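For reference, the structure is listed below as structure tokens.
The values are calculated or read from the model by the stated rules, or taken from the named source; none is laboratory data. It should be emphasised that the depicted structure is a prediction, and the values quoted were computed from it without experimental measurement. No Cβ is skipped: glycine too gets one built from the backbone with ideal geometry, and neighbour counts run over all protein chains shown.
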Ligand code: FES
């Protein structure tokens, strides 16, 4: 696929997650709740996760933000569900490397996340893309995972 076609495909994937977000909402009972905002614009996310026996069994998000931040949250919740907390944190490191334009490991299924790799060319938008991931990292680390 030419890089133009790939860009178009990635843009479609991002807009699909923005318009039809996966895992939108709030989990009740026994969930980790993390609120985080992007200080540069004030956009915010509330992430709730259920973690039992070291497995992220469910994750949902609410928030207000740009298409990059909201689509990234949608992709992130999709990617971590059913993963161990360790794998979820590894995905976050992979995503961070991707945003920094570094080589990244791909031994875990990245799913739609790869559609965001073009964000690395726009440093001002990296905080948008990583907002939900920082929330997930904080939740799992505070939970002692
Ligand atoms: Fe606020 Fe993207 S402009 S998170």
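Observations on the structure shown:
- Every condition in (1) part of a loop (DSSP other than H, G, I, E, B); (2) within 15 Å of the ligand (Cβ to nearest atom) is met by residue 107 except one, and the failing one is (2).
- Restricting attention to region 122-145, the residues that are without any contact (Cβ under 8 Å) to a residue 60 or more places away in the chain and crowded, with 17+ Cβ neighbours inside 10 Å total 4.
- Residues located in region 130-145, provided they are at pLDDT below 95 and in a helix (DSSP H, G or I): 141, 142
- Members of region 108-121 found to be in contact with a helix residue (DSSP H, G or I) (Cβ under 9 Å, 6 or more places away or on another chain) and free of Cβ contacts under 8 Å to residues at least 60 places away in the same chain, listed by number: 108, 109, 110, 111, 113, 119, 120
- Of all residues making up region 24-59, the number that are in a strand (DSSP E or B), surrounded by 12 or more Cβ atoms within 10 Å (Cβ to Cβ) and more than 16 Å from the ligand (Cβ to nearest atom): 12
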